[in-house]
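Peer 1: Following this message is one structure expressed as structure tokens.
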Amino acid sequence: MRFEVGEGIDIIGDIHACFDEFLLLLKKLGYQQNKKGYFNHPNGRKLVSLGDVMSRGPKSIESMTFFLEHVEAGLAYMIDSNHGWKIARWLDGRNVQLRHGDENVAEEFKQFEEKYGTNKTKDLKAKLKKLLMDAPSHYIFTEKGKEKLVCTHAGIKDEYIGKENNKIKNFCRYGDVAGMDEKGKPIRRNWFEKHDNKLLIVWGHDPKPEPLIINNTINIDQGVVFGGKLTCFRYPEKQFIFVEAMKNYSGKNDLNNPLYKYETH
Ligand SMILES: [Mn+2]
């Protein structure tokens, strides 16, 4: 899970199947599609996804396939996430309930199968299952061998950094969740308040209208699928680049939209 920053990395927040916005962001970042279909950066930069590339939005299969191909080609990294883990188990044939936009993925596969047939669908499902199952809970990026940056989905404790087990995987997928409230929504503890070392932690999962910078941690999920924006954080430049959502794809409006609580009413 340790990699050199190299020519630079572009860390992307939760895409949630907003593939059109993602392609616009790649263009804005200077990536160019080559003849084989891969998106390359002329300076050799690499992409890092904070997970939740699928579900809720309209183009889960295209988003997942993008990372399947680009991770395989060594052009991108993708970490584990709560929706990613749910879809991985569903692809593995386990008995899981598809909710919170995961049902859209099943619907897309149904249409995919009608269009491309059973064999092609089975083949893609097996490849995506492996991609999602193999995704690590976090990455550590180094500069000249020195640890600088951690990328994770929902959060991490300082003592978990550089280690991997089921407890750590769960924490990184869901964050520090202290049960559910009366509406069935997770009660989230602010793990980042306890972060206390020099590593910069970049995370997503919990949509906020602007990047939240606290204690050397940065949240870059700006809720593109909820009508917010898709964020890239460039490292080592420490620069934000955004693409606005073309629409609110989530079907959630008003009180159910997680960005609502930040709006002025
Ligand atoms: Mn998430």
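Peer 1: If you line up the Cα atoms of region 1-93 on their principal axes, what length do they span on each, largest first, in Å?
Peer 2: The Cα atoms of region 1-93 stretch 40, 30, 23 Å along the principal axes, largest first.
Peer 1: Using unit Cβ charges (K, R positive; D, E negative) and no other charged atoms, how large, in debye to the nearest 20, is the dipole of the chain about its Cα centre? Write down the numbers at each step before the final one.
Peer 2: Values: 42 positive and 37 negative charges, 85 e Å.
Dipole about the Cα centre, nearest 20: 400 debye.
Peer 1: Could you compute the net charge surrounding residue 81? Neighbours are other residues with a C-beta less than 11 Å from the C-beta of residue 81; K and R count +1, D and E count -1. It would help to have the intermediate numbers written out before the result.
Peer 2: Numbers: positive: 86, 169, 173; negative: 14, 52, 80, 221.
Result for the neighbourhood of residue 81: -1.
Peer 1: How much net charge surrounds residue 219 when only the other residues with a Cβ under 14 Å from the Cβ of residue 219 are counted, with Lys and Arg +1 and Asp and Glu -1?
Peer 2: In short, -4.
Peer 1: By counting other Cβ atoms within 10 Å of each Cβ, how are 188, 56 ranked from fewest to most?
Peer 2: On the way: 188 15, 56 25.
Going from sparsest to densest Cβ surroundings: 188, 56.
Peer 1: Computed on alpha carbon atoms, what radius of gyration and Dmax characterise region 51-148, expressed in Å?
Peer 2: Gyration radius and largest Cα-Cα distance of region 51-148: 14.5, 50 Å.
Peer 1: Compare the Cα positions of 15, 71, 168 along the charge dipole of region 2-262 (+1 at Cβ of Lys, Arg; -1 at Cβ of Asp, Glu; about the Cα centre) and return the one farthest towards the positive end.
Peer 2: After comparing all options, I get 71.
Peer 1: Sum up the charges of everything whose Cβ sits under 13 Å from the Cβ of residue 23, counting Lys and Arg as +1 and Asp and Glu as -1, but leave residue 23 out. Please list the in-between numbers first.
Peer 2: On the way: positive: 27, 28, 59; negative: 20, 21, 62.
Here the charged neighbours net out to 0.
Peer 1: Which order results if 142, 231 are arranged by neighbouring Cβ count within 10 Å, fewest first?
Peer 2: Values: 142 14, 231 27.
Ascending number of Cβ neighbours within 10 Å: 142, 231.
Peer 1: Most exposed first by the Cβ proxy, i.e. fewest other Cβ within 10 Å, how do 78, 180 rank?
Peer 2: Ordered by Cβ neighbours within 10 Å, fewest first: 180, 78.
Peer 1: What are the equivalent ellipsoid semi-axes of region 141-255, built from the alpha-carbon gyration tensor (square roots of five times its eigenvalues), in whole angstrom, biggest first?
Peer 2: Details: eigenvalues 126, 84, 24 Å².
Each semi-axis is √(5λ); the values are 25, 21, 11 Å.
Peer 1: With 10 Å bins from zero, work out the P(r) of the chain over every alpha carbon pair and list the percent per bin.
Peer 2: Result, from short to long distances: 7, 31, 38, 20, 4, 0 percent.
Peer 1: Could I ask something else about it? So what's the gap between the Cα centers of region 19-90 and region 213-246, to the nearest angstrom?
Peer 2: 15 Å
Any read-out appearing in this document is the output of simple, stated calculations on the displayed coordinates, not a laboratory observation. Being a predicted model, the structure only gives us computed values, none of them experimental. Cβ coordinates were reconstructed from backbone atoms using ideal geometry, including for glycine residues, and neighbour counts include every protein chain displayed.
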